[in-house]
Amino acid sequence: MKSVVTLALAGIIGLAATPAFGQTADQIWTGAFANGPVRENSRLLVWLDAHARFNGEGDQLNTTILRPGVGWRVSPRLDVWIGYADVTLHRPGPNGEEHRVWQQATYPVAEIGGGRLTARTRLEQRFRDGGDDTGLRLRQFVRWSRPLASPEVSIVASNETFLALNDTDWGQNAGYDQNRAFIGLGWQMTPKFRLEGGYMNQRIDGGAGPDRQNDNLVLNGFATF
């Protein structure tokens, strides 16, 4: 578990390590997440998340993602999943399309600083139109949340580091791919639904040049059942 936390938290530290960036952009990210057992006390799980991402003015859609999956509750501390993701990159002219098969594990890590630290480890197999190769990518996500004065309101911090495991003919390069560091607030509106909003710093590998940086405003809804 310590190595998992170290990998993801290193991404946060890395944000301060390189002060110069190439292209920067402002974006608005929205997402809806739902997961839970197919029926009460079942070990069979279902997962769905959907995303719409816009430019900083909110009037131009640039990315949509639909990601369904199924899972199995191995133990109270470990769920394993498999699924598919359809990613559309909205561009002038023909849109770009990416298809992904993914596997992941979700698990608690520790109680730290009065809050709860959880993690998700995801492996993706990526397929792009116009290319023959399969891109392998590892994504390590950690999330910490702590209630504030009201138990329904919490501070939330997360980090996700992306590592490409191979080169492809459509442009994936092995090595560090990107990092997403988020800070915000969560509101538990009902026992089974919460909203989270805040700021995400996204740093993307620039190859031979400086990294690219996006400053993203994020609003997500989470449903459990």
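Just so it is clear, none of the values below were taken in a lab; they were calculated from the coordinates. Values in this document were obtained by computation on a predicted structure and should not be read as measured data. Cβ atoms come from the backbone with ideal geometry, glycine included; neighbour counts cover every protein chain shown.
Between GLY130, GLY56, GLY71, which gets the highest mean-square fluctuation from a Gaussian network model of the chain, Cα cutoff 10 Å? It is GLY130. The distance between label points at SER42 and GLU111 comes to 3.2 nm (points 7 Å beyond Cα on the Cα→Cβ vector).
With a 10 Å Cβ neighbour count serving as the proxy for reagent exposure, in which order, fewest first, do TYR84, TYR176 appear? Mind dumping the intermediate values first?
Numbers: TYR84 12, TYR176 16.
In increasing order of surrounding Cβ atoms, one gets TYR84, TYR176.
Other residues lying with their Cβ under 11 Å from the Cβ of GLN172 contribute a combined charge of -4, Lys and Arg counting +1, Asp and Glu -1. Say R0 is 41 Å: what FRET efficiency, to the nearest 0.05, do SER75 and ASP26 get from their beta-carbon distance? In this case the efficiency is close to 0.45. Here LEU117, LEU61 are placed in order of increasing Cβ neighbour count within 10 Å, fewest first, which gives LEU61, LEU117.
Pairs of Cα atoms in region 99-214 fall into 10 Å distance bins, from 0 up to the last occupied one, in shares of 13, 34, 31, 17, 5, 0 percent.
Picking from SER154, SER75, SER145, which is most flexible by a Gaussian network model of the chain using Cα springs under 10 Å? Greatest mean-square fluctuation among the candidates belongs to SER75.
Note that region 203-209 has calculated 3J(HN,Hα) couplings of 10, 10, 4, x, x, 6, x Hz, one per residue in order, obtained from phi through the Karplus relation 6.51 cos²θ - 1.76 cosθ + 1.60 (θ = phi - 60°); glycine and proline are x.
Order by neighbour count: VAL38, VAL109, fewest other Cβ atoms within 10 Å first, most last.
Values: VAL38 11, VAL109 18.
Fewest-to-most ranking of VAL38, VAL109: VAL38, VAL109.
Between VAL74, VAL46, VAL153, the GNM of the chain built on Cα springs shorter than 10 angstrom shows VAL74 fluctuating the most.
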